[in-house]
């Protein structure tokens, strides 16, 4: 199992950052390079507890689908998206939010397993983990920009 942790500090209220983080439309803004689309379940707006979304996007030259559910949510401090169906053996993304000293600390904890045994592990080590980190950092930068500069929405 691979674990990635990314912490982003944002000068904005916790509720704002939480809602931007679960907004389907904001996710689409940060994924234009992969031509990501929400094609089933919740396809726009704020995803809620027990709702699903199915994404379709181009990664590594292939169009892939990824269906997630929100099995846990505690507004505005925590939510989880977990893969129901997709290319990973397992995938869980925990989103945590803490407000201190006038800013929100957003922490992404991502846990995933690749299929295909040793070949999947090798692909993860050489390519996938770096791709995931870049993908999440880009998403977080969009959230940070929108939260800190709401006039740009």
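The values are calculated or read from the model by the stated rules, or taken from the named source; none is laboratory data. Only a predicted model underlies this, so the values are computations on that prediction, with no experimental measurement involved. Positions of Cβ are backbone-derived with ideal geometry, glycine not excepted, and every protein chain shown enters the neighbour counts.
With respect to residue 61, determine if the residue is at pLDDT 95 or above, surrounded by fewer than 17 Cβ atoms within 10 Å (Cβ to Cβ) and either within 12 Å of the chain's Cα centre (by Cα) or on the phi > 0 side of the Ramachandran plot (or both).
On the way: at pLDDT 95 or above: no; surrounded by fewer than 17 Cβ atoms within 10 Å (Cβ to Cβ): yes; either within 12 Å of the chain's Cα centre (by Cα) or on the phi > 0 side of the Ramachandran plot (or both): yes.
No.
Tell me which residues, restricted to the range 106-121, are over 17 Å from residue 22 (Cβ atoms) and surrounded by fewer than 17 Cβ atoms within 10 Å (Cβ to Cβ). Steps first, please.
Taking the range 106-121 and keeping what is over 17 Å from residue 22 (Cβ atoms), we get 111-121.
Result: 111, 113, 115, 116, 117, 118, 119, 120, 121.
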Margin query: Given (1) over 18 Å from residue 59 (Cβ atoms); (2) at pLDDT 95 or above; (3) touching a helix residue (DSSP H, G or I) at 6+ places or on another chain (Cβ under 9 Å), identify the lone condition not met by residue 150.
Written below: (2)
Checklist line | Residues that are within 13 Å of residue 142 (Cβ to Cβ) and buried (at least 19 other Cβ atoms within 10 Å of the Cβ), drawn from the range 13-25 | finding: 17, 20, 21
Next item on the list: Test each condition in (1) surrounded by fewer than 19 Cβ atoms within 10 Å (Cβ to Cβ); (2) over 16 Å from residue 79 (Cα atoms) for residue 46 and report the one that comes out false.
Entry: (2)
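Right, residue 115: touching a helix residue (DSSP H, G or I) at 6+ places or on another chain (Cβ under 7 Å) and not in a strand (DSSP E or B) or not? Steps first, please.
Working: touching a helix residue (DSSP H, G or I) at 6+ places or on another chain (Cβ under 7 Å): no; not in a strand (DSSP E or B): yes.
Answer is no for this residue.
For the range 22-92, which strands (runs of 3 or more DSSP E) that fit wholly inside it have 3 or more residues that are farther than 19 Å from residue 109 by Cα and touching a strand residue (DSSP E or B) at 6+ places or on another chain (Cβ under 8 Å)?
Values: elements: 37-41, 52-59, 62-74, 78-85.
In the range 22-92, 37-41, 52-59, 62-74 are the strands (runs of 3 or more DSSP E) which contain 3 or more residues that are farther than 19 Å from residue 109 by Cα and touching a strand residue (DSSP E or B) at 6+ places or on another chain (Cβ under 8 Å).
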Next item on the list: For the range 95-117, indicate whether the set of residues that are in contact with a strand residue (DSSP E or B) (Cβ under 8 Å, 6 or more places away or on another chain) and without any contact (Cβ under 8 Å) to a residue 40 or more places away in the chain is non-empty.
Entry: yes
